[in-house]
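Trainee: First the structure, which I've put down as structure tokens, then a few questions once you've had a look.
Only the coordinates and a few stated rules stand behind these numbers; no lab work does. All values reported here derive from a predicted model rather than from experimental measurement. Every residue, glycine as well, gets a Cβ built from its backbone with ideal geometry; the counts of neighbours run over all protein chains shown.
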Amino acid sequence: MKALMFGWEFPPHILGGLGTASYGLTRGMAKQEDLETIFVIPKPWGDEDQSFMKIIGANNTPIVWRDAPWETVKPRLEKFMNPQEYYRLRDNIYADFNYMHTNDLGCVEFSGRYPNNILEETNNYSIVAGVIARTYDFDVIHSHDWLTYPAGLHAKSVTGKPLVIHVHATEFDRSRGKPNPMVYGIEKDGMDNCDHIICVSDLTRRTVIENYHQPHWKVTTVHNAVEPLSPEIEAIERISGVPEKVVTFLGRITMQKGPEFFVDAATQVIKKTDHIRFVMAGSGDMMDQMIRLVADRSIAHKFHFTGFLRGKQVYEMLKSSDVYVMPSVSEPFGISPLEAMQCGVPSIISYQSGCSEILNNVIKTDYWDVDAMADAIYSICTYPAMAEHLKVEGKIEVDNIKWEDAGLKVRRIYDSLM
């Protein structure tokens, strides 16, 4: 079985949960010895782990024929892929794209991020997908999130191979129920014309069935999992010299994640005690608003903003926390609580999150119930027995949630489409 996957980000260069989930799932699926994966991303950086699959960069795939000599191609591309692949891809250019802006190798440039011209990059990605689909042999196409649905549909139209789309989030989640019509249209087109839909939670599955009008039989839940901690991460020590308990929000500071409810809960707790300190780790379009809100509440002396954290920094923050809080308004899954529990951090999550469907050794509240959230924070920070129970039992629970099991569920879906 060979799968052609389209993604948008991949570790170590990640901007959210999509890259983390893509890595975990592909690594888990690689344990199936008869399964090979080609993973396409807009812009590889050259330091991605390709030990268990092959990565193709859309920005290294020519769509315009250029007479590029080996002496030029080899030093430019060998960091990312076997330079011979360039010529193989060039042989499968299928139309005249000279009207498009390309570089001296005939390739389209991609940001590798989420730029303001994201719809243009999504369209360009689907054009490149046509070359890739014509070049490689595969049995099934798998597209991760809306940005890659047009690419998956193009690959399906070229080859006739079945397309599975993987819904990590919907526009309804990102917008609190006020979807961008263009994004919704791309999502709906992908769902209508694919062969099967994978959702990361039952919560997301209901959204897909009810708001995108998909039949029940076409939509399957495959919950996310978490990668085992590496010895390097296990060895990270708690930052010393902080006498107070530390309560952490870690994620994008956006409407979907409910950061204002974290600030509201923090305000209540700080009024009650001075032995607890709060951290909002991440970045996003609501960051300035949250900084002002913290100042208005007069809690800035007990509240910190770290900015965006990546890689090892995330685990340094988690290992220095006493409580992790995820007050998401609409969270399709939410891998970060699992990562916190791996580090032995008692966690509080909203009922409005997909991970609440599979986690038991956590405290669950409604995102809007700031009183319950504040009470839970205060209790964990005040009662050692409660904190220890959540720490020990939570780690045991999350250590048994494996990507390999998620990969087997995905494989059964592939097999059903053959």
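Trainee: What's the angle, to the nearest 10 degrees (0 to 90), between helix 181-193's Cα axis and the longest principal axis of the chain?
Mentor: 60 degrees
Trainee: If you don't mind, another one. Label Arg176 and Tyr94 with points 7 Å out from Cα along Cα→Cβ: what is the distance between them in nm?
Mentor: Output for this residue pair reads 4.2 nm.
Trainee: How much FRET efficiency would the formula 1/(1 + (r/R0)^6) give for Asp189 and Glu78, where r is the Cβ-Cβ distance and R0 is 45 Å, rounded to 0.05?
Mentor: 0.75
Trainee: Quick one: length gained pulling His304 to Asn123 fully straight, 0.36 nm per residue minus the C-alpha distance? Don't jump to the answer; show the numbers that get you there.
Mentor: Numbers: separation 181, 0.36 × 181 = 65.16 nm, distance 3.95 nm.
Taking 0.36 nm per residue and subtracting the Cα distance, the gain is 61.2 nm.
Trainee: Follow-up. Any idea what the dipole of the range 231-398 comes to, in debye rounded to 20, about its Cα centre with Lys/Arg Cβ at +1 and Asp/Glu Cβ at -1? Write down the numbers at each step before the final one.
Mentor: On the way: 16 positive and 22 negative charges, 76 e Å.
Rounded to the nearest 20 debye, it is 360 debye.
Trainee: Using only the alpha-carbon atoms, how far is helix 384-398 inclined from the longest principal axis of the chain? Give it as 0 to 90 degrees, nearest 10.
Mentor: 20 degrees
Trainee: Put +1 on the Cβ of each Lys and Arg and -1 on the Cβ of each Asp and Glu in the chain; which of Gly7, Ala235, Leu309 then has its Cα farthest toward the positive end of the dipole?
Mentor: Leu309
Trainee: So, by mean Cβ neighbours within 10 angstrom, what's the order for 290-301, 313-324, 139-150 with the highest one leading? Kindly include the intermediate steps, with their values, before the conclusion.
Mentor: Details: 290-301: 14.4, 313-324: 20.8, 139-150: 24.9.
The densest-packed peptide leads the list: 139-150, 313-324, 290-301.
Trainee: Once both labels are modelled 7 Å past Cα along the beta-carbon direction, what's the Met386-Ser51 spacing in nm?
Mentor: Placing both labels 7 Å along Cα→Cβ, they lie 4.2 nm apart.
Trainee: Which GluC sites (Glu not before Pro) does the range 176-260 hold that lie in a coil by DSSP with at most 16 other beta carbons within 10 Å?
Mentor: On the way: sites: Glu187, Glu210, Glu232, Glu234, Glu237, Glu244, Glu260; in loops: Glu237, Glu244.
In loop regions of the range 176-260 (DSSP not H, G, I, E or B), the sparsely surrounded GluC sites (Glu not before Pro) are Glu237, Glu244.
Trainee: Any idea how far apart Glu357 and Ile291 come out in nm if each label point goes 7 Å out from Cα toward Cβ?
Mentor: Between Glu357 and Ile291, the simple spin-label model gives 3.8 nm.
Trainee: Moving on to the next point. For the range 301-388, what is Rg from Cα atoms divided by 2.2 N^0.38 Å, rounded to two decimals? Intermediate values should be presented prior to the final figure.
Mentor: On the way: Rg = 12.8 Å, N = 88, 2.2 N^0.38 = 12.1 Å.
Normalised Rg, Cα atoms only: 1.06.
Trainee: Taking a cut-off of 36 Å, what percent of all Cα-Cα pairs in the chain are separated by more than that?
Mentor: On the way: 25206 of 87153 pairs.
Across the chain, Cα pairs with separations above 36 Å total 29 percent.
Trainee: Quote the charge dipole size of the chain about the Cα centre in Debye, to the nearest 20; the model charges only the Cβ of Lys and Arg (+1) and of Asp and Glu (-1).
Mentor: Numbers: 42 positive and 55 negative charges, 47 e Å.
Rounded to the nearest 20 debye, it is 220 debye.
Trainee: Related question: Please report the spacing between the Cα centers of the range 195-214 and the range 371-398 in Å, no decimals.
Mentor: Here the two parts' Cα centres lie 32 Å apart.
Trainee: Would you please name the chymotrypsin sites (Phe, Trp or Tyr not before Pro) within the range 44-122 that are DSSP coil residues with at most 10 other C-beta atoms within 10 Å of their C-beta? Numbers along the way, then the final one.
Mentor: Working: sites: Trp45, Phe52, Trp65, Trp70, Phe80, Tyr86, Tyr87, Tyr94, Phe97, Tyr99, Phe110; in loops: Trp45, Phe52, Trp65, Phe80, Tyr94, Phe97, Tyr99, Phe110.
Filter output for the range 44-122: Tyr99.
Trainee: Report, in deg cm²/dmol and to the nearest 500, the calculated mean residue ellipticity at 222 nm for the chain, where each DSSP H run with n ≥ 4 adds -39500 (n - 2.57) and the sum is divided by the residue count. Provide the component values of the computation, followed by the final result.
Mentor: On the way: 16 runs with 170 residues, N = 418.
Calculated at 222 nm, the ellipticity per residue is -12000 deg cm²/dmol.
Trainee: Let me ask something additional. Starting from the Cα of Lys79, draw a straight line to each of the lysines and keep only those under 20 Å, dropping any in the same chain fewer than 8 residues away.
Mentor: In chain and number order, the partners are Lys43, Lys54.
Trainee: Please go through the range 137-183 and write out the trypsin sites (Lys or Arg not before Pro) that DSSP classes as loop and that have at most 16 other C-beta atoms within 10 Å.
Mentor: Loop-located and lightly packed - Arg176.
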